[in-house]
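The values are calculated or read from the model by the stated rules, or taken from the named source; none is laboratory data. Computed from a predicted model, the values in this text were never measured in an experiment. Counting neighbours? That spans all protein chains shown, and the Cβs are built from the backbone with ideal geometry, glycine included.
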Amino acid sequence: MAPTITAFERSPDRGKGLARDMRVRWALEEVGVAYDVRLLPFEAMKRHAHLALHPFGQIPTYEEDDLVLFESGAIVLHLAQRHAGLLPKDADARARAISWMFAALNTMEPPIIERGMAYLFEREKPWYAERMPMLEQRVDVRLAQLSARLGDAGWLDGTFSAGDLMMVSVLLRLGSSRPLDAYPNLAAYVARGEARPAYGRAFADQLAVFTGTPAPGQA
Ligand SMILES: N[C@@H](CCC(=O)N[C@@H](CS)C(=O)NCC(=O)O)C(=O)O
């Protein structure tokens, strides 16, 4: 049976690909595994049936036969380990690609999310004007370091891997506020990720939930 993932029935971003089911969809497309999607209203995410799958009442989840996973990183890693295409065969290169996955989720994503959350929820607060430059600065430090490491390379460590998939997914959460403009190599890196056919298919599928337009190739 095809695996099933969960996604928002109504995503706050209205299908701009920022919800975390997108990275799982992208991984599934990269490894060529067909999948089903169960769309959840927000209230259902907090009810018992979904909490049994995801202790924190969030999306995405992943169900494959008797296996249930939560956390987008764990799901992408599972797919990358079970299928060819997202991790190098060489053991050391594989370990490095996994390091980049953790770097994306553990080092890059937290300041990016904190900045995004402040923008969304604290704009009217008296502390916002003072706090925001500090949050911007924390993001910028990480972008500068990542940019220096990437240099002129196409991907973070040789060929495209789950580490790049996760890093591009996280950088995309910077949205249209474009702190990436200061780092043309990172902007080009993100664009390279978005240009991958698997990314395009995943993006079209998640967008179709909101536009009602079937993704190309689907009835
Ligand atoms: N660390 C988790 C984060 C999951 C997460 O924050 N999901 C969001 C959607 S992108 C969500 O379900 N938000 C609703 C909520 O937390 O109530 C992962 O990577 O899967």
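Would a scan of the range 39-57 turn up a residue that is within 9 Å of the ligand (Cβ to nearest atom) and within 14 Å of the chain's Cα centre (by Cα)?
no
Considering only the range 59-74, I want to know if a residue exists there that is more than 11 Å from the ligand (Cβ to nearest atom) and among the hydrophobic types (A, V, I, L, M, F, W, C).
Of the residues in the range 59-74, the ones more than 11 Å from the ligand (Cβ to nearest atom) are 63-68.
Subsequent filtering for residues that are among the hydrophobic types (A, V, I, L, M, F, W, C) retains 67-68.
Looking for residues that are more than 11 Å from the ligand (Cβ to nearest atom) and among the hydrophobic types (A, V, I, L, M, F, W, C), one finds at least one in the range 59-74, hence yes.
Can you confirm whether Leu18 is of a type in the set (A, V, I, L, M), in a strand (DSSP E or B) and not assigned by TED's automatic domain parsing to the domain that holds Ile113? Walk me through it before giving the result.
Values: of a type in the set (A, V, I, L, M): yes; in a strand (DSSP E or B): no; not assigned by TED's automatic domain parsing to the domain that holds Ile113: yes.
Here the answer is no, as Leu18 does not meet what is asked.
Yes or no: the range 1-19 includes at least one residue that is surrounded by fewer than 13 Cβ atoms within 10 Å (Cβ to Cβ) and either in contact with a strand residue (DSSP E or B) (Cβ under 6 Å, 6 or more places away or on another chain) or polar (S, T, N, Q) (or both).
yes
Please report, ordered by residue number, the strands (runs of 3 or more DSSP E) entirely within the range 25-104 with at least 3 residues that are in contact with a His (Cβ under 9 Å, 6 or more places away or on another chain) and over 28 Å from Ser147 (Cβ atoms). Spell out the reasoning first.
Values: elements: 36-40, 61-64, 67-70.
Counting at least 3 such residues, we get 61-64, 67-70.
Report, by residue number, each residue of the range 138-162 that is at positive phi and surrounded by 13 or more Cβ atoms within 10 Å (Cβ to Cβ).
So in the range 138-162, the residues at positive phi come out as 151, 158.
Listed by number, the list holds a single entry, Gly158.
Select, from Leu135, Leu156, the only residue that is assigned to a helix (DSSP H, G or I) and at pLDDT 95 or above.
Details: Leu156 fails: assigned to a helix (DSSP H, G or I).
From the options Leu135, Leu156, the qualifying one is Leu135.
So that you can scan it fast, the table gives a plain yes or no per residue for (1) touching a strand residue (DSSP E or B) at 6+ places or on another chain (Cβ under 7 Å); (2) surrounded by fewer than 18 Cβ atoms within 10 Å (Cβ to Cβ); (3) without any contact (Cβ under 8 Å) to a residue 12 or more places away in the chain:
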position	(1), (2), (3)
Arg23	no, no, no
Leu40	yes, no, no
Glu64	no, no, no
Asp90	no, yes, yes
Glu114	no, yes, no
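How many residues does the range 66-125 hold that are of a type in the set (Phe, Trp, Tyr) and touching a helix residue (DSSP H, G or I) at 6+ places or on another chain (Cβ under 7 Å)?
Applying the first criterion (of a type in the set (Phe, Trp, Tyr)) to the range 66-125 yields 70, 100, 102, 119, 121.
Checking the rest, the ones that are also touching a helix residue (DSSP H, G or I) at 6+ places or on another chain (Cβ under 7 Å) come to 100.
So the answer is 1.
I want to confirm something. Restricting to the range 75-88 and keeping residues that are in contact (Cβ under 8 Å) with a residue 24 or more places away in the chain and within 13 Å of the ligand (Cβ to nearest atom), which single residue is farthest from Gly163 (Cα to Cα)?
Ranking the candidates gives Ile75 first.
Taking into account only those residues within the range 66-88 that are over 26 Å from Leu51 (Cβ atoms) and of a type in the set (A, V, I, L, M, F, W, C), which is surrounded by the most Cβ atoms within 10 Å (Cβ to Cβ)?
Filtering first and then ranking leaves Leu86.
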